[in-house]
Amino acid sequence: MENDSEKWDLVLRPKNKWYEIDIKGVWHYRDLVMLFVRRDFLTAYKQTILGPLWMVLQPLVMTLMFSVIFGRIANIPTGGVPRLLYYLAAFVPWTYFSECLNKSATTFTANAGIFGKVYFPRLVSPISGMISNLFKYSVQLLLFVVIYFIFLSKGLKVSPNYHVVFIPILLIILAGFGLAFGLIITSVTTKYRDLTFLVGVGLQMLMYGSSVVISFSSFGPSLQKYLRL
């Protein structure tokens with residue numbers, strides 16, 4: 001290899017063997033990040049009749065479906081919490097994580113045309129997806145708060161504890177996991193496109209196989225220690 005490299009006038013080598021995250025570059029292109037956020041929002045609801053109203057309807061429909069399947073049919077207990085409130089509290093953060101992962105997992109394939117024409121930090125695309133999904137999460141979280149106060153006005157005996165202060169940390173963890181696993185997946189899907197289909201199936205299996213829609217107390221002690229991980 002050394003003899004081959006000597007034939008070239010210029011040899012490019014990395015400055016560092018480890019992967020470096022160009023945070024300064026992303027901040028320098030922050031205007032482009034906001035343009036991508038606007039693009040994601042417009043393309044998601046373009047040519048739809050209900051438009052942004054789907055941000056509210058989607059969690060409501062899924063929550064009602066979980067309430068029927070896991071509540072009335074499977075009769076899985078929710079610890080005295082109303083089923084609508086219980087499943088909505090779990091579905092909203094899970095949706096944020098899954099959409100962040102899906103957005104990051106299609107970074108290279110969805111933006112191949114842009115990446116080949118102009119340079120900008122590649123993290124701009126998945127980070128813009130995280131921000132646009134965060135806006136969607138905020139709307140759905142507001143929906144959860146409204147429904148909670150409706151139940152509270154009807155005499156609900158459930159009150160939040162001190163864990164609510166960790167919601168911002170939870171969002172950072174969810175976004176970080178979605179970004180990290182999504183970048184690993186998108187780097188592999190450039191060669192193996194089959195992985196794109198496996199991501200959707202894997203997320204569905206992970207949701208139904210964890211305590212996202214099933215009460216944590218419904219699992220035995222031997223399984224609970226794995227779910228805690």
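The values are calculated or read from the model by the stated rules, or taken from the named source; none is laboratory data. On a predicted model such as this, the values are computed, not experimentally measured, just so you know. Neighbour counts run over all protein chains shown; Cβ positions are idealised from the backbone, glycine included. The accessibility values were calculated without ligands, DNA or RNA, using every heavy atom of the protein model including side chains. Shrake-Rupley method; radii C 1.70, N 1.55, O 1.52, S 1.80 Å.
Are there any pairs with C-beta distances below 6 angstrom linking a residue in segment 162-174 that is closer than 12 Å to Trp94 by Cα to a residue that is open to solvent by less than 90 Å² (accessible area, probe 1.4 Å) and in a helix (DSSP H, G or I), with the two at least 6 apart or on different chains, and if so which?
Listed pairs, sorted by first residue: Leu174/Tyr96; Leu174/Phe97.
What's the number of the only condition in (1) of a type in the set (A, V, I, L, M, F, W, C); (2) touching a residue at least 40 places away in the same chain (Cβ under 8 Å); (3) not in a loop (DSSP other than H, G, I, E, B) that Val61 fails to meet?
For Val61, the exception is condition (2).
Regarding segment 116-128, can at least one residue be identified that is under 23 Å from Leu35 (Cβ atoms), touching a Ser or Thr at 6+ places or on another chain (Cβ under 9 Å) and open to solvent by 60 Å² or more (accessible area, probe 1.4 Å)?
yes
If we scan segment 114-128, do we find a residue that is touching a His at 6+ places or on another chain (Cβ under 9 Å), assigned to a loop (DSSP other than H, G, I, E, B) and farther than 20 Å from Leu42 by Cβ?
Yes; the residues of segment 114-128 include at least one that is touching a His at 6+ places or on another chain (Cβ under 9 Å), assigned to a loop (DSSP other than H, G, I, E, B) and farther than 20 Å from Leu42 by Cβ.
Table: residues versus (1) open to solvent by less than 100 Å² (accessible area, probe 1.4 Å); (2) among the aromatic types (Phe, Trp, Tyr); (3) at pLDDT below 75.
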| position | (1), (2), (3) |
| --- | --- |
| Met1 | no, no, yes |
| His28 | no, no, no |
| Leu32 | yes, no, no |
| Phe36 | yes, yes, no |
| Phe41 | yes, yes, no |
| Val56 | yes, no, no |
| Pro59 | yes, no, no |
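Between Ile147, Ile172, which is closer than 30 Å to Arg83 by Cα and at pLDDT 90 or above?
Values: Ile147 fails: at pLDDT 90 or above.
Of Ile147, Ile172, the one residue that is closer than 30 Å to Arg83 by Cα and at pLDDT 90 or above is Ile172.
Could you grab me the full set of residues in segment 181-209 that are among the hydrophobic types (A, V, I, L, M, F, W, C), open to solvent by 50 Å² or more (accessible area, probe 1.4 Å) and modelled with pLDDT of 80 or more?
Phe181, Leu183, Ile184, Val188, Leu198, Val201, Met205, Leu206, listed by residue number.
Condition check: surrounded by 11 or more Cβ atoms within 10 Å (Cβ to Cβ), among the hydrophobic types (A, V, I, L, M, F, W, C) and within 28 Å of Ala110 (Cβ to Cβ). Does Leu152 satisfy that? Walk me through how you get there before you give the answer.
Values: surrounded by 11 or more Cβ atoms within 10 Å (Cβ to Cβ): yes; among the hydrophobic types (A, V, I, L, M, F, W, C): yes; within 28 Å of Ala110 (Cβ to Cβ): no.
It is false that Leu152 is surrounded by 11 or more Cβ atoms within 10 Å (Cβ to Cβ), among the hydrophobic types (A, V, I, L, M, F, W, C) and within 28 Å of Ala110 (Cβ to Cβ).
Take the conditions over 15 Å from Leu141 (Cα atoms) and either of a type in the set (S, T, N, Q) or in a helix (DSSP H, G or I) (or both) and apply them to Gly80. Does it pass? So that I can check it myself, show each step before the final result.
Working: over 15 Å from Leu141 (Cα atoms): yes; either of a type in the set (S, T, N, Q) or in a helix (DSSP H, G or I) (or both): no.
No: the conditions fail for Gly80.
Within segment 196-220, which residues are over 18 Å from Ile73 (Cα atoms), without any contact (Cβ under 8 Å) to a residue 60 or more places away in the chain and under 19 Å from the mean Cα position of the chain (by Cα)?
Phe197, Leu198, Val201, Gly202, Gln204, Met205, Leu206, Ser210
Which ones in segment 3-26 are modelled with pLDDT under 80, closer than 26 Å to Ile184 by Cβ and either part of a helix (DSSP H, G or I) or aromatic (Phe, Trp, Tyr) (or both)?
Within segment 3-26, Trp18, Tyr19, Ile23, Gly25 qualify.
Only one of (1) open to solvent by 20 Å² or more (accessible area, probe 1.4 Å); (2) at pLDDT below 80; (3) closer than 25 Å to Gly220 by Cα fails for Pro93. Which number is that?
Unmet for Pro93, out of (1) open to solvent by 20 Å² or more (accessible area, probe 1.4 Å); (2) at pLDDT below 80; (3) closer than 25 Å to Gly220 by Cα: (2).
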